[in-house]
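The values are calculated or read from the model by the stated rules, or taken from the named source; none is laboratory data. In this text, all values refer to a predicted model and were calculated from it rather than measured experimentally. Here the Cβ is made from the backbone with ideal geometry for all residues, glycine too, and neighbour counts use every protein chain on show. Only protein heavy atoms, including side chains, enter the accessible area calculation; ligands, DNA and RNA are left aside. Shrake-Rupley method; radii C 1.70, N 1.55, O 1.52, S 1.80 Å.
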Amino acid sequence: MCGVIGIIKKDHEVAGELLLGMNLIQHRGQDACGVITACGNELFTKKQKGMVDELVGKVQDGDLQGDMGICHTRYPTAGGLQNGDTQPFRVNSTRKVSMAHNGNITNYPELRDKLKEHGVFLSTFVDIEPVIKIFAYEYEQDSDYYKAVEVIMNKVEGSYSVVGTIGDEGLYAFRDPYGIRPLMIGKSKDGYIFASESVVLQTLGYEYVRDVQAGEAVFIRRISKGKKVELELESRVIDQRHVSHCMFEWIYFARPDSIIEQKAVYSARLELGKAIATRMDPRDIDIVIPVPDSGRSSAIGIAEGLGVKYREGIVKNRYVGRTFIMPSQLLREKSVSIKLNPVTSEVEGKSIVVVDDSIVRGTTSKRIIDMIRKAKPRKVTFVSVCPPVKFPCYYGVDFPTADELIASNKTHDEIREYIGADELVFGTIADVESVIGKPLCCACLNGRYPTKITKDQMNQMKEDNRTNRC
Ligand code: SF4
């Protein structure tokens, strides 16, 4: 899972807004980040391993010129990261093309081999590289943006929400035919923006226009009229299939102040909590406490639904990154113990409900319960808002192989015992579907993958450990 933004202005530089915007999508990827701006037919690039702050500190005046550009924050890959692997990518064809995406291309090896047969060699292992090469080649043929996107949608499988620039012609965005990863359009008086989350639009002063539809290609064309520049939004739905938005955006990934597909993330989490509460018995519960931060909104919903007190029973050290996207198991395990600490005065002697967004491997939940037991609660009920994650994600979220997913191998009671809870409650797929109320991908819950993925591709991705390439 990554974050992307694209901005075009009539006559203002965009670098400042792109750098500010990258901070707002930092939670979507902390491994690396990059910006490309376009001025005339020139591209200006800045990339950096690590956090956005480090990149921003290195940008000097004049480094990123131009009134359109794109940026990317990258979710970590298990296989490590080389310098050239950071997005956005560029191709120096007649009209210089830039591109960044959020998602995962499941037929990357086939695309790579096909390009090789035509004498085109890739210089990285990043899945966007074959996509930009095919796109730039097709666009070079007859300057038809929609035709180039159609070729991509015919050849490229998996999830992809893409932003990019073409020469000085304009800013583009397209989304795979299933609409798996989010992407939306905003407008200001002098420009347009594409972004993974609405918090970027709201903070940078753009009015939400709409989400890019599944299988839709959008182009913001720059048109010079004498000395004046006009921006015109054009779009076409190229290929829409079975729409399947990632349910995990609403449960965990997106910021709670974002709205995706017109469903507010905060209210979805609150309502999911209330739905779970309908299946719990409030009689022997003293307090509900969240695992900060992603369990918070649902914990409020559960406490409201049960009619019991909500308390901040765990304090988070805000200077440690999100454990879920730390790059190795060792770091994940160590970081839990320095990240969270119980509030003994609230927890001691009580029957507590601890609410987290999900249980993936089970190790983090076990450590959280070990940590909270140091404060001597009388009883611990653990709630996972997400239903049991039983299958890997091939669309950009680092859910590991099935062997490592605890719900894939253990019964409900075995999971409860392993994590050390007295009781264990999961959200259900029915909760998720009814609360979010959109056509969803729930493949990591039910094994029904919306796109075509062969057994060979699954095995290859498992072997490459590359289910999260973006
Ligand atoms: Fe999201 Fe799960 Fe589908 Fe991956 S498999 S896109 S995490 S719902």
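Per-structure values
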| read-out | value |
| --- | --- |
| Helix 128-142 axis, angle to the chain major axis (alpha carbon atoms, nearest 10°) | 30 |
| Principal-axis tilt of helix 296-306 within the chain, Cα atoms, nearest 10 degrees | 40 |
| Label-point separation in nm, Ile429 to Asp370, each point 7 Å along Cα→Cβ | 3.3 |
| Tensor-based shape of the range 92-136 (alpha-carbon gyration tensor, a/c under 1.5 rounded, otherwise prolate or oblate) | oblate |
| Computed FRET value (nearest 0.05) for Lys155 with Asp413, which takes r as the C-beta separation and R₀ as 51 Å | 0.65 |
| Cβ crowding within 10 Å averaged over residues, with 147-156, 34-43 ranked highest first | 34-43, 147-156 |
| Alpha-carbon Rg with Dmax, taken over the range 212-253, Å | 16.4, 49 |
| Which listed pairs, of Lys47/Lys225; Lys116/Lys155; Lys133/Lys455, have C-alpha distances above 24 Å, in listed order | Lys47/Lys225; Lys133/Lys455 |
| Ranked by how many other beta carbons lie within 10 Å on average, peptides 389-397, 234-242 from highest | 389-397, 234-242 |
| Carbon/sulfur fraction of accessible area - the chain, other protein chains in place, 1.4 Å, % | 48 |
| Chymotrypsin sites (Phe, Trp or Tyr not before Pro) within the range 95-156, DSSP loop, no more than 16 other Cβ atoms inside 10 Å | Phe121 |
| Shape of the range 243-297, Cα gyration tensor, a/c cut at 1.5 | prolate |
| Candidate lysines - alpha carbon under 23 Å from Lys410, same-chain residues fewer than 8 apart omitted | Lys366, Lys379, Lys390, Lys462 |
| Projected-area average for the chain over all orientations - Cα convex hull basis, square nanometres | 21.5 |
| Cα centroid separation, the range 419-445 to the range 85-100 (Å) | 39 |
| Trypsin sites (Lys or Arg not before Pro) lying in DSSP loop within the range 1-62, provided at most 16 other Cβ fall within 10 Å | Lys10, Lys58 |
| Probe 1.4 Å, accessible area per residue of the chain, Å² | 40 |
| Inverse of mean 1/r across different Cα pairs in the range 145-262, Kirkwood, Å | 14.9 |
| Net length gained if the chain between Asp11 and Tyr208 were fully extended (0.36 nm per residue, minus Cα distance) | 68.8 nm |
| Euclidean distance between Cα centres, the range 363-407 to the range 198-245, Å | 38 |
